Amino acid sequence: MAEVRKQEKDFTKEVDELLPETSALVKSVQLSDALERLLALEKQTRNANDLPSTTRLAKAALELCYESRDYTQLNSTISLLSKKHGQFKVVVQAIVEQAISWLPGIREEQGVEKWLELVETLRSVTEGKIFLETPRARVTLALSHYHETLSKAPNALAATIKEALQTASDLLSDLQVETYSSMERREKTEFILEQMRLLIAVARLKDAEVPAKQGKNALGSGEPEWVKAKVGGRKVNESFLKEKANEDLKLKYYDLMIQQALHQSAYLEVAKHYEKVWDTPSIKEDESKSRAALEHIVYYVVLAPHDNEQSDMLHHLFANPALEKLELHFNLVKSFVTRELMRWPGIESLYGPFLRTTPVFSVSKQWEDLHTRVVEHNVRVVAQYYTRITLSRLTVLLDLTPQQTEETLARLVVSHTIWARVDRPAGIVNFRSKRGAEDVMNDWSSDMQKLLGLVEKTWIGMNAAQAAQSRIKA
């Protein structure tokens, strides 16, 4: 493409005279003659660097093709004008945007076939041109949605559904919209969210085809798509989503991030995402939505494995006044915050009838995970109050079998949550590590310093009292 140059001649008068004549020719069914005259003058205006006249002639040529309903000629004219030697970038942008504006009407009036032909022409013209990256992205989005509708056809075969959905996802994933300088931030975010949505849809479809025994990393599973969706989530600027005008995008973004985190069983991340949803003004204004979001925060924060971050979030949630309105959820969080044993049969009878009806705990895996968190909480409590305990007694306190108790202890020791050693022949669990001579001497030295400090303080006090008494007697 040639750079902007100085205009050598003004062809406005010639263009004004030619346009009515070409319109008359089209009405006389002489489209080819009209285009020939327009293109001849277009060459002169282009060589003379008359940008306004060139733009008018190029748009007029496309307009005549569209009005004549000659879509084959329309496609060829778009390609021809875009490839002209020294063609202005502004002219190519103008004809591409003009053609894009006709796409909905062509699809409605002429059907999908003509629409697809024009879409492919536009994608071909815009390929590799940075100044046309935004129009290309919009056309590609429309094509992606078309393929997605094919996957939702009532009589579509499984192979057809997968192929159509994969095509729709691949089309959008090829667009690196985060690098487009000409696209507005909101539109960029919408594109990225669409990429994530389609990737997750493809991932779920692939996961459904893989037997459960093979796991997430099996060949042909949707794990690559899940990873791409996670990477896509990092491209979204969360501070931009905090603006009130972007609340719809914020809710859509966190919904997708929740799906991605649930796939990885990253419950703490899910709780954080629900907390962001709960902090949204439109959600807080709706009592039912606010309640639902807060309930999900409770569910997933108690499901998350214990660590410093999880404990901090749990205690902050317990101190939140809004939680007191949800009596059952408040008591559930209180049970995890309090350093007391939670017997699983009691928890199951007290909270089970309600929790099992929720979408979260109706899934057997998540109900089992809750049982695991209760057991881990009990082990931490026992480790705090006991230095040694028999394995049989610990098994009774945890309401587990001896094998399950040992597995739980091993898991918590490996994760550095507690320190424990099991003497299996003696059947004793030790929660205190053997201390080295250096540690013992350091503690003894510290204790002696404290003792001497107290003795010195007492001696000074006694001397002061004696001095006071001597003054009184004197």
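A compact table of results
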| read-out | value |
| --- | --- |
| Most to least accessible of Ile78, Ile130 (protein chains only, probe 1.4 Å) | Ile130, Ile78 |
| Accessible-area value, Glu243, 1.4 Å probe, nucleic acids and ligands omitted, Å² | 90 Å² |
| Charged-residue dipole, Cβ positions (Lys, Arg, Asp, Glu), segment 1-129 about Cα centre, Debye nearest 20 | 440 debye |
| Förster radius 35 Å - calculated FRET efficiency between Asn308 and Glu285 (Cβ-Cβ, nearest 0.05) | 0.55 |
| Solvent-accessible area of Glu187 with every protein chain in place, 1.4 Å probe, in Å² to the nearest 10 | 40 Å² |
| Cβ-placed point charges (K, R +1; D, E -1), dipole of the chain about Cα centre in debye, nearest 20 | 1740 debye |
| Interchain or long-range residues, amide H under 5 Å from Ile428's placed H | Leu391, Asp423 |
| Hydrodynamic radius by Kirkwood, which averages 1/r over all alpha carbon pairs of the chain, in angstrom | 29.3 Å |
| Dipole-positive endmost among Ile130, Leu262, Tyr386 within the chain (Cβ charges, Cα centre) | Tyr386 |
| 3J(HN,Hα) from dihedral phi, segment 415-428, Karplus parametrisation 6.51/-1.76/1.60, rounded to Hz, x for glycine, proline | 7, 6, 6, 9, 10, 7, 9, 10, 8, 5, x, 7, x, 10 |
| Probe 1.4 Å, protein heavy atoms only - accessible area per residue of segment 1-129 in square angstrom | 52 Å² |
| Segment 230-328 pair-distance distribution - Cα-Cα, 10 Å bins, rounded % | 15, 46, 34, 4 |
| Carbon + sulfur, % of accessible area of segment 1-129 - ligands and nucleic acids excluded, 1.4 Å | 49 percent |
| Distribution of pairwise C-alpha distances over segment 1-129, 5 Å bins, in % | 2, 11, 22, 22, 20, 14, 7, 2, 0 |
| Largest-first ordering by accessible area, 1.4 Å probe, given options Thr45, Thr338 | Thr338, Thr45 |
| Residues of segment 205-324: accessible area per residue with a 1.4 Å probe, Å² | 52 Å² |
| Three-way shape call for segment 366-474 based on the alpha-carbon gyration tensor, with the a/c threshold at 1.5 | prolate |
| Under Karplus coefficients 6.51, -1.76 and 1.60, residue-wise ³J(HN,Hα) of segment 106-111 in Hz, glycine/proline x | 5, 5, 6, 8, 9, x |
| Mean ellipticity per residue at 222 nm, deg cm²/dmol - from DSSP H runs of n ≥ 4 across the chain, formula -39500 (n - 2.57) | -23500 deg cm²/dmol |
| 0 to 90° range, to nearest 10: angle between helix 223-234 axis and the chain longest Cα axis | 90 degrees |
| Sites Arg123 and Arg204, calculated FRET efficiency, Cβ-Cβ separation with R0 25 Å, nearest 0.05 | 0.35 |
| Accessible heavy-atom area order of Lys457, Lys9, highest first, probe of 1.4 Å | Lys457, Lys9 |
| For the chain, with +1 on Lys and Arg beta carbons and -1 on Asp and Glu, the positive-most of Ser68, Val90, Thr167 along the dipole | Thr167 |
| 0 to 90° range, to nearest 10: angle between helix 364-385 axis and the chain longest Cα axis | 30 degrees |
| The chain, relative contact order in percent, only Cα pairs under 8 angstrom and at least six apart counted | 6 percent |
| Under Karplus coefficients 6.51, -1.76 and 1.60, residue-wise ³J(HN,Hα) of segment 177-194 in Hz, glycine/proline x | 5, 5, 9, 7, 7, 8, 9, 5, 4, 5, 5, 4, 4, 4, 5, 5, 5, 5 |
| Accessible area in square angstrom per residue, segment 350-431, 1.4 angstrom probe | 53 Å² |
| Accessible area of Lys162 in the full protein assembly, 1.4 Å probe (Å², nearest 10) | 70 Å² |
| Gained length - Asp33 relative to Ala410, 0.36 nm times residue gap less alpha-carbon distance | 127.1 nm |
| Inter-probe distance in nm under a simple model that places probes 7 Å from Cα toward Cβ, at Arg186 and Leu451 | 7.5 nm |
| Dipole-positive endmost among Ala468, Ser311, Leu400 within the chain (Cβ charges, Cα centre) | Ala468 |
| Efficiency of FRET between Gln264 and Gln176 - r from beta-carbon atoms, R0 22 angstrom, step 0.05 | 0.30 |
| Potential extension, Leu157-Thr387 segment - 0.36 nm per residue separation minus Cα distance | 76.5 nm |
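The values are calculated or read from the model by the stated rules, or taken from the named source; none is laboratory data. Since this is a predicted model, take the numbers as computed values, not measurements. A quick note on method: Cβ atoms are made from the backbone with ideal geometry, for glycine too, and the neighbour counts reach across all protein chains shown. These accessible areas exclude ligands, DNA and RNA; they are computed on the full protein's heavy atoms, side chains included. Shrake-Rupley method; radii C 1.70, N 1.55, O 1.52, S 1.80 Å.
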